[in-house]
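Here's the structure we're looking at; comments come further down.
A short reminder: the numbers here are calculations on the coordinates, not readings from a lab. As the structure is a prediction and not an experimental result, all values here were calculated from the model. All Cβ positions, glycine included, derive from the backbone under ideal geometry; neighbour counts span all protein chains shown.
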There are 4 protein chains.
Amino acid sequence: MVRAAVIPAPNQPVQVREYPRPKLEEGAALLRTLFSEVCGTDLYLQQGLLSETPYPLIPGHASVGLVEEVRGQVCDTEGRPLLGGEMVTFLDVHGTCGRCWYCLVAKASTRCPHRKVYGITYGADEGLLGGWSQYVYLKPGVRIVRLPESLAPETLIGAGCGLPTALHAVERSDILLGQTVLVQGTGPLGLSAIALTRLRGAYNIIAIGAPERRLQAARRMGADVCLDVEKTSIEERRAAVMDATGGRGVDVAIEASGNPAAIQEGLDLARDNGRYTVVGQYTDHGPVQVNPHTQINKKHLDIRGVWGIDYSHLHRSVLLLERYNDQFHWEELITHTFGLEQANDALAAVRSGQAIKAVITPWGAQAEEV
Amino acid sequence: MVRAAVIPAPNQPVQVREYPRPKLEEGAALLRTLFSEVCGTDLYLQQGLLSETPYPLIPGHASVGLVEEVRGQVCDTEGRPLLGGEMVTFLDVHGTCGRCWYCLVAKASTRCPHRKVYGITYGADEGLLGGWSQYVYLKPGVRIVRLPESLAPETLIGAGCGLPTALHAVERSDILLGQTVLVQGTGPLGLSAIALTRLRGAYNIIAIGAPERRLQAARRMGADVCLDVEKTSIEERRAAVMDATGGRGVDVAIEASGNPAAIQEGLDLARDNGRYTVVGQYTDHGPVQVNPHTQINKKHLDIRGVWGIDYSHLHRSVLLLERYNDQFHWEELITHTFGLEQANDALAAVRSGQAIKAVITPWGAQAEEV
Amino acid sequence: MVRAAVIPAPNQPVQVREYPRPKLEEGAALLRTLFSEVCGTDLYLQQGLLSETPYPLIPGHASVGLVEEVRGQVCDTEGRPLLGGEMVTFLDVHGTCGRCWYCLVAKASTRCPHRKVYGITYGADEGLLGGWSQYVYLKPGVRIVRLPESLAPETLIGAGCGLPTALHAVERSDILLGQTVLVQGTGPLGLSAIALTRLRGAYNIIAIGAPERRLQAARRMGADVCLDVEKTSIEERRAAVMDATGGRGVDVAIEASGNPAAIQEGLDLARDNGRYTVVGQYTDHGPVQVNPHTQINKKHLDIRGVWGIDYSHLHRSVLLLERYNDQFHWEELITHTFGLEQANDALAAVRSGQAIKAVITPWGAQAEEV
Amino acid sequence: MVRAAVIPAPNQPVQVREYPRPKLEEGAALLRTLFSEVCGTDLYLQQGLLSETPYPLIPGHASVGLVEEVRGQVCDTEGRPLLGGEMVTFLDVHGTCGRCWYCLVAKASTRCPHRKVYGITYGADEGLLGGWSQYVYLKPGVRIVRLPESLAPETLIGAGCGLPTALHAVERSDILLGQTVLVQGTGPLGLSAIALTRLRGAYNIIAIGAPERRLQAARRMGADVCLDVEKTSIEERRAAVMDATGGRGVDVAIEASGNPAAIQEGLDLARDNGRYTVVGQYTDHGPVQVNPHTQINKKHLDIRGVWGIDYSHLHRSVLLLERYNDQFHWEELITHTFGLEQANDALAAVRSGQAIKAVITPWGAQAEEV
């Protein structure tokens, strides 16, 4: 039997349930899960804040483990077949159809209506389709990436879903060499956005976040100026940003906070003719007020929403981890480790802001705080 | 003496005043004004809605006329000297410094803080620096464009400031061949946006505006579907747009209405991964509510503010008028013509929505409605 | 039995052969061919100039006809099932894998190594996979587009493969409103490039081609200046282009000629900081001499190769035909019509330059010259 | 009197001449030169290989020094006036007119025909307008940049003209995070291109160059794989590149070698749908053979020429030096230092490839090799 942590229904505590080990269909593989991430989205799922969630649900959309079993030919994008025993991660997005108007005409793959996501829109009734499980069933067509030998699974899960999402956002931000960038939010997404902004050759990186533990991590990931959102007023932060930018505001601002109030502040802190990328608003907290004259039109501003990732973002994230982890040490973002039985504690650690990154070890026994 | 129409102070009626004919400094020229435009911005100026307006003010930022006098060498961008007698228009934006951070590092010329605008930020105390005047003083460095022989001054002024502004907005919108585009607003700016969208090879063009006279013009400029904003509900318009787009919304929406409420509607009518260009919010009417989750982040939307124009937009507008006016007949947008003495009537005609385009003829005697 | 025209081997005349009517597999459809195009590529196939051609081969990569039979559910990109009887065309490119590095990481779908092309890289031994056949077997996954009711099949085939290929090239050329564009070549590809350049709002369009019949077509498609490559020297053409562009050269040049010598001329006729798009070099005629200092580096030139099309190019081509054919009349490009038995005559008509566009009517009896 | 090194005529040895100390016009400044660069372009100037060079000529287009004297108000782009005593560098490009078609319509400032370059197109008869001089006359309008306090003049001159030129080239190359990049050439331009490619977050960087001393520098600047062009065959280099890229070739290749033969190799080593940036071909060595089918059209390649720099490239180069020199140590590229009297030795050191970067110290006495 396979043990998995399950959200039975909105606002219910997570339970550990047992499922039979699945038989593989042709083209499928089975992943023995070493680590699966606890993400802010998992909080929303447990709170019932996402629409059309198929409860009961096994959370976990970023995971790493060993290929336990393969049925038929399952290849990576280089066409190399998986034989079993490889350390891999996989793209949580599955089933992008490649046939619809969004896929073929708009080439907007992250908006394909047929797209499903492991641990978010696939329910437990459909199989072991989330990472908080000893095994994950990798359906035919799931995009699997081998970890390079030098890349530890802890590093991969320390980066988690935040790194490829940040990669998508940073690329949409079109940062030029030597520009000054503001990152709003110092959770896992914001921290990876800081690292990647550093990797794009920014001049100054300003981070707004909290608590102090996360701001320390922000400094390690490359932030030059850190502003504690809980200990500063909006006027103080504005003064700090203007002071760092000749009174103009930042060339690029990246919202990675999940807080709608950040939008108004970000629109004000981006400079005229700058860019503002919105990537942290992953659930609906209602509207905010925006002034279309002063904050968009007269400002000649570009605002860019960023939804989800595609395979290229995951693929290149793995390459970046291989090449640059010596500089950033993503595994150090992991502050808490929990077994399946402590999944509710894991959610609590993330909810409180205590954790930077919490991970589930489905085969481990003990919770641990780094 | 030179007669000019002047706004003496906010909310005061326009008066005709007389000024001495100016002496030219080296590199300056004098324009004998044939036509000058009445634009929605002139209403704002008369109502005192723009900040830091230098009253008394001679309005008129888009004008056409004959070169009356030149002092020294004054050349067009091809390096051909003006000798007097040429039919020309000129870029209202003057004094972009070419030396500041915005000009040189950001290359954001429309946000140069040294930039001045004829008829808007230059006051009457500084000279004949607005088009509602028998003569306009073209300072050294003003960018002057000759009209091609085949291009009538009525056509140029019928396009007015709306055409180059629409050109800027349409280029920022990155419309692809065969896409469906929504234009919000059927004033001069919206009508030129419709024409240019047609010139970019859109498939369907949907216009939202009023009154009927302007919607008829929208059809002539190339709109395929026209929705009367005064006679339809927001639900009816949404249904019409979704019906025309397979339920997805438009590929590109362009706001050219000046109405802040248009923002919320436009954000909803653009499709996922589409673009929304905001070019009509030329004065501050306060904030609107925007949902950062559903309308930006999840939508993966690009929102692009567009402020002002630079010389290239005017230059290419003249080329487009020369080449394509047979298709669009911009001069037919002129519905009203007024002498200097009727300037208040001109503002009233624009304010009421009666006029599509009203023009001032500083040397003419009689008001006329087409 | 199904009759089809077949190239048996390189440099062999085309033969009409008979094949059994195929049984459909699940997800397949059968097209009753009304028209199939004769393209310059078919000449290369008959001459053995393309590598790895799977002879015997049924040519014909752009075709239009009626859905004769469907097995299972076959949908268009809007998800509407085909029932039989619809007038359709289809994307010749099939089998782009969606799984490899080129598809997923580079997003370079036209360079997917698994990609096959009807009438070019699929051979007759694999089925009725070319348009010079009474029926074409549409394999599962072939992208099918319905013709709008107002769009005649003659118009679709008059545009043929040239229109979507030109669409790809024109989009890669990033033509701005009011720019001057040179199109080299006045065959079907060049003529559609002229039409689409017009649809992008170019100012002047200069065409270089021959013979006179094609130059007349170029004028109809929107060329402002036509230069007969057989009756002018390279110096005369250069003088004409410089005369039309203030001595600077064109903003954008598009090579659609298939003649390697055009490359050197195009590099010289594009202006500094302009663009040069190369889309006509569909077979290997050996190298040409290029000066990297004067023609690339000092010129600050962008050169862009364009290979093949994807579904979006075909989809939007059909929308453009529906919306704009009244302006361009693509069906008038068809100068010759041939039955299957006259396929060798069809190739001869294209080879000689006599034809602008020749089409095969697999069910028709008689050759015809318009 | 001011001492300066002068090229009297093509192929003549450099001479030291004396000039009177210039009187400043309003808006001008005088630079006391600490260091001026010896660039490959200076070799071309001495050999008479550039067209329209105004001999006699004081070379030196990248220089650093102290503001000795200012007449009137001379400001940097932040609007801060220079008072004298500041450590500065300046943009060698001067006189970009801001009025012509290239400046205003094409926005192609590096192709403005009025543009002059200190040390290259300004001759000694026009003043002290090159850096191999104890003083440089900074005309009104010259763009001056202060060095941040933490930035040593040795670091600035170690980067020299290569860094801003590489910045222009790397930005035109649109490198994505995690891509593999080839840099051809390991002179100062290539070495800065390697550093900036690292700063853009490339995965693998492959450098081709020589001799070993420069390859060692390439490794320090971030190259992962270094191929000695003098000790490897073209086949060996191709094998190494294909081995590093899954057989596909590099995502982006940057030519920074000055050798026309590099063009053919670079076109072959870039992958399908990749990019090839040509920035090293600064003089005319005649044509090379290019296959438009296999190397451009079928390859779906982007080729981008890059000419010169504008102010933004210099401005951001200084920011990058301030922020990232700890990682790259540009000053270590300086291998040779010469006084004015040893200017011919300086040219010889560069010509032989012995030097990576040689600099002139107009006030120093002794040649020195690091």
*With point charges of +1 on the Cβ of Lys and Arg and -1 on the Cβ of Asp and Glu, referenced to the Cα centre of the stretch A:9-50, which listed residue (A:Gly27, A:Gln15, A:Gln47) lies farthest in the positive direction of the dipole?*
A:Gln15
*What FRET efficiency comes out for the pair C:Glu332/B:Gln327, r = Cβ-Cβ distance, R0 = 22 Å, nearest 0.05?*
0.60
_DSSP-loop GluC sites (Glu not before Pro) across the stretch C:203-303, with at most 13 other Cβ within 10 angstrom_ = C:Glu230
*Kindly provide the GluC sites (Glu not before Pro) of the stretch C:57-153 that DSSP labels as loop, not H, G, I, E or B, and whose Cβ sees at most 15 other Cβ atoms within 10 Å.*
C:Glu78, C:Glu149
*Got the relative contact order for chain C handy, in percent, Cα pairs under 8 Å and 6 or more residues apart?*
18 percent
*List the relative contact order of the stretch A:159-270 as a percent without decimals, with contacts defined as Cα pairs under 8 Å and 6+ residues apart.*
28 percent
_Can you find, among C:Ala256, C:Ala223, C:Gly246, the residue sitting farthest towards the positive end of the charge dipole of the stretch C:174-305, where Lys and Arg contribute +1 and Asp and Glu -1 at Cβ?_
C:Ala223
*For B:Leu333, C:Leu320, what ranking results if the residue with the fewest other Cβ atoms within 10 Å of its Cβ goes first?*
C:Leu320, B:Leu333
*Under a point-charge model restricted to the Cβ atoms of Lys and Arg (+1) and Asp and Glu (-1), what is the dipole moment magnitude of the stretch D:12-117 relative to its Cα centre, in debye to the nearest 20?*
340 debye
*Near the amide H of B:Val142, under 5 Å away, which other amide H atoms are found, from residues 5 or more places off or on another chain, if H is placed in the peptide plane?*
none
*In chain B, what % of DSSP beta bridges are antiparallel (nearest 5)?*
55 percent
_Per-residue HN-Hα couplings for the stretch D:277-290 [Karplus 6.51, -1.76, 1.60; θ = phi - 60°; Hz; x = Gly/Pro]_ = 9, 10, 10, x, 8, 8, 8, 8, 9, x, x, 10, 8, 10
*Go ahead and run the numbers for FRET between B:Ser150 and C:Leu83, Cβ-Cβ distance against an R0 of 45 Å, rounding to 0.05.*
0.25
_the stretch A:200-208 - phi-based ³J(HN,Hα) in whole Hz, Karplus 6.51/-1.76/1.60, Gly and Pro as x_ = 8, x, 5, 7, 9, 10, 10, 10, 10
*State the answer as a single residue: which of B:Pro113, B:Leu314, B:Trp363 lies farthest towards the positive end of the charge dipole of chain B, with beta carbon charges of +1 for Lys and Arg and -1 for Asp and Glu, about the Cα centre.*
B:Pro113
*In debye, nearest 20: dipole of the protein assembly as shown around its Cα centre with unit charges on the Cβ of K, R (+) and D, E (-)?*
0 debye
*Sequence-distant or interchain residues sharing an amide H contact under 5 Å with A:Asn273, placed H: which?*
A:His300, A:Leu301
*Nearest to the axis that maps chain A onto chain C: list the chain A residue whose Cβ wins, with the distance in whole angstrom.*
A:Gly98, 2
*Starting from the Cα-Cα distance between B:Gln15 and B:Tyr55, subtract it from 0.36 nm times their residue separation and give me the gain in nm to one decimal.*
13.2 nm
*Geometric extent, Cα atoms of chain A - Rg, Dmax (angstrom)*: 20.3, 63
*Ellipticity estimate at 222 nm from DSSP helix runs (n ≥ 4, -39,500 (n - 2.57)) divided over chain A, nearest 500*: -8000 deg cm²/dmol
*Which residues in the stretch B:110-147 place their backbone N less than 15 Å from a point set 7 Å from the Cα of D:His114 along the Cα-to-Cβ direction?*
B:140-144
*With respect to the cross-link table entries A:Lys231/A:Lys298; B:Lys107/B:Lys357; C:Lys107/C:Lys299; C:Lys299/D:Lys116, which display a Cα-Cα separation exceeding 27 Å?*
A:Lys231/A:Lys298; B:Lys107/B:Lys357; C:Lys107/C:Lys299
*Of all DSSP beta bridges in the protein assembly as shown, antiparallel share, percent nearest 5*: 60 percent
*asked:* With a cap of 14 neighbouring Cβ atoms within 10 Å, and only residues DSSP puts in a loop, list the trypsin sites (Lys or Arg not before Pro) found in the stretch B:1-110.
replied: B:Lys23, B:Arg71, B:Lys107
*asked:* To make sure I understand the rule: partners must be aspartates and glutamates, Cα under 14 Å from the Cα of B:Lys139, and not fewer than 8 residues away in the same chain. Which ones qualify?
replied: B:Glu25, B:Glu26, B:Glu68, B:Glu69, B:Asp76, B:Asp92, B:Glu126
*asked:* Can you compute the modelled spin-label distance between C:Arg351 and D:Glu230, with each label point 7 Å from Cα toward Cβ, in nm?
replied: 5.5 nm
*Amide H within-cut-off set for A:Ile254, under 5 Å, with H built and near neighbours excluded*: A:Leu182, A:Val183, A:Gln184, A:Thr277
_Sorted by Cβ density within 10 Å, fewest first, the residues C:Tyr203, D:Tyr44, C:Tyr118_ = D:Tyr44, C:Tyr203, C:Tyr118
